[in-house]
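Scroll down for the structure; my scribbles are underneath it.
The values are calculated or read from the model by the stated rules, or taken from the named source; none is laboratory data. In this text, all values refer to a predicted model and were calculated from it rather than measured experimentally. Cβ sites come from the backbone with ideal geometry, for glycine too, and all protein chains shown count toward neighbours.
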Amino acid sequence: MKIPPARYPSPLGRMQATPMDVEATKRQGWREQHILVISHDDGRLDFMERQLIRSIGERLYGQDHAHGHSQTRGGGHG
């Protein structure tokens, strides 16, 4: 029986990022710290839930600049 020679792993292998389970991280954030991370485009939400998320986001952080809106109010610091 031939035994292949031992191969040494590349030292660069340690620097490779491990994939992150984003949903698990969001779930853990909610369960442990009551932090909710959700997109208003999330397909699991119905129309009313999406509107609620958008309205909370705009109240806290202002309107979306990417869609031609200006920040009129909201939770800016400083």
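Got a number for residues in the range 28-48 being closer than 19 Å to Gln63 by Cβ and at pLDDT 95 or above?
0
Can you work out which of the residues in the range 1-25 that are assigned to a helix (DSSP H, G or I) and among the β-branched types (Val, Ile, Thr) is farthest from Leu36 (Cα to Cα)?
The initial filter retains those residues of the range 1-25 that are assigned to a helix (DSSP H, G or I), namely 11-15, 22-25.
In the following step, the residues that additionally are among the β-branched types (Val, Ile, Thr) were identified as 22, 25.
Working: Val22: 13, Thr25: 11 Å.
Of everything passing the filter in the range 1-25, Val22 is farthest from Leu36 (Cα to Cα).
Only one residue in Gln28, Gln63 is assigned to a helix (DSSP H, G or I) and polar (S, T, N, Q), so which one is that? Show your work before the answer.
On the way: Gln63 fails: assigned to a helix (DSSP H, G or I).
Of Gln28, Gln63, the one residue that is assigned to a helix (DSSP H, G or I) and polar (S, T, N, Q) is Gln28.
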